[in-house]
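Quick notes on the structure that follows.
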Amino acid sequence: MKPFHLFSLILACLSFAAATAQPHTDCDNPMLLTYMNPVTIDSTLGEGVADDLTGTCLAQEFSSTWFSWQIEQPGTLTFVLTPLHEYDDLDFAVFRFNDNILCQEKVLKRCMAAGETVGAPFEQNLPCWGPTGLNLTETDLEEQPGCSNGNNNFLKFLQCQAGENYAMVVINFSQTNQGFTLEWGGTATFSPSPDSINSPSLERLAPKLSIAPNPSSGALRVLGLNAANEGFAYRIADGCGRVVRTGKMTSGEPSLDVSNLTDGVYSIAFLMGEEQAVCRFVKLGGH
Ligand SMILES: [Ca+2]
Ligand SMILES: [Ca+2]
Ligand SMILES: [Ca+2]
């Protein structure tokens, strides 16, 4: 085992030297998942500026990647994380946000820290390396470090309600800098689903329309509006459909200042005559 540990140490030192601006390393800067497509993260490097794992089974944040999503259709939610490097030890924690979607107030729902019991035979540790996640057969909500007491790398599925917002952090405990794949299962869907965003009017009015960054704390850039679209009126509504702002897009590369909106999920409708194209965004931080 010694050469392996030395190799890990060298990798960790190289990782530290190169640790700059790895995206999605903090709870308030997650990768926002709007479709339930599989996700591939190529590398895991750095831990961002905040450690959001104090008090969880993971205890400390490093080599982390944060995701967040909103539930559209209620139901069960499962996933499988598979390391790109075969025996890497991935850990994860899943949180549900309160209505205000503040990272400081997120509630821990699942916590997976299973991994090697140091000194135990390879076969005994094998269930706690490799693929990990949530499935429909497990009943436990947490696995502590090590590979004893029935640890098997999987926890109970989530039962999700419409409109709930979640966050997940994935940690590569092995610190090899290698990434992972993330595949979803269950009956719940994320918001917006492909059905709700690929509306006929959006395809016709502005097929390349997108907004970024998402989540946004300040300037929300509106991309993909062409000259014919400029001058669009727009209308921003909160998660319950209450209109909180109206205005008109300007020419050039339009952006909207959303810094004074309360943190939460919004829809923005770009209006043209009787038709509209709708995108959703999350306002998070920046007060
Ligand atoms: Ca962080
Ligand atoms: Ca693990
Ligand atoms: Ca289990």
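For region 94-102, the count of residues that are within 24 Å of PRO38 (Cβ to Cβ), open to solvent by less than 40 Å² (accessible area, probe 1.4 Å) and within 16 Å of ligand 3 (Cβ to nearest atom) is nonzero.
The set of residues from region 232-248 being surrounded by 14 or more Cβ atoms within 10 Å (Cβ to Cβ), modelled with pLDDT of 80 or more and within 20 Å of ALA206 (Cβ to Cβ) comprises TYR234, ARG235, ILE236, ALA237, ARG245.
Test GLY150 against the stated conditions and say whether it is touching a helix residue (DSSP H, G or I) at 6+ places or on another chain (Cβ under 6 Å) and either assigned by TED's automatic domain parsing to the domain that holds GLY46 or within 13 Å of ligand 3 (Cβ to nearest atom) (or both). Answer is no for this residue.
Is there a residue in region 5-18 that is at pLDDT 50 or above and closer than 15 Å to ASN172 by Cα? The answer is no, given that none of the residues of region 5-18 is at pLDDT 50 or above and closer than 15 Å to ASN172 by Cα.
Condition check: of a type outside the set (A, V, I, L, M), within 26 Å of ASN29 (Cα to Cα), surrounded by 14 or more Cβ atoms within 10 Å (Cβ to Cβ) and at pLDDT below 70. Does SER196 satisfy that? Spelling it out, SER196 is indeed of a type outside the set (A, V, I, L, M), within 26 Å of ASN29 (Cα to Cα), surrounded by 14 or more Cβ atoms within 10 Å (Cβ to Cβ) and at pLDDT below 70. When the residues of region 36-54 are filtered to those that are open to solvent by less than 80 Å² (accessible area, probe 1.4 Å) and more than 9 Å from ligand 1 (Cβ to nearest atom), the one that is nearest to ALA114 (Cα to Cα) is THR44.
The values are calculated or read from the model by the stated rules, or taken from the named source; none is laboratory data. This one's a predicted model, so the numbers in the text were calculated from it and none came from an experiment. FYI the Cβ positions are ideal-geometry reconstructions off the backbone, even for glycines, and counts take in every protein chain you see. Keep in mind that these areas ignore ligands, DNA and RNA; they rest on the heavy atoms of the full protein, side chains included. Shrake-Rupley method; radii C 1.70, N 1.55, O 1.52, S 1.80 Å.
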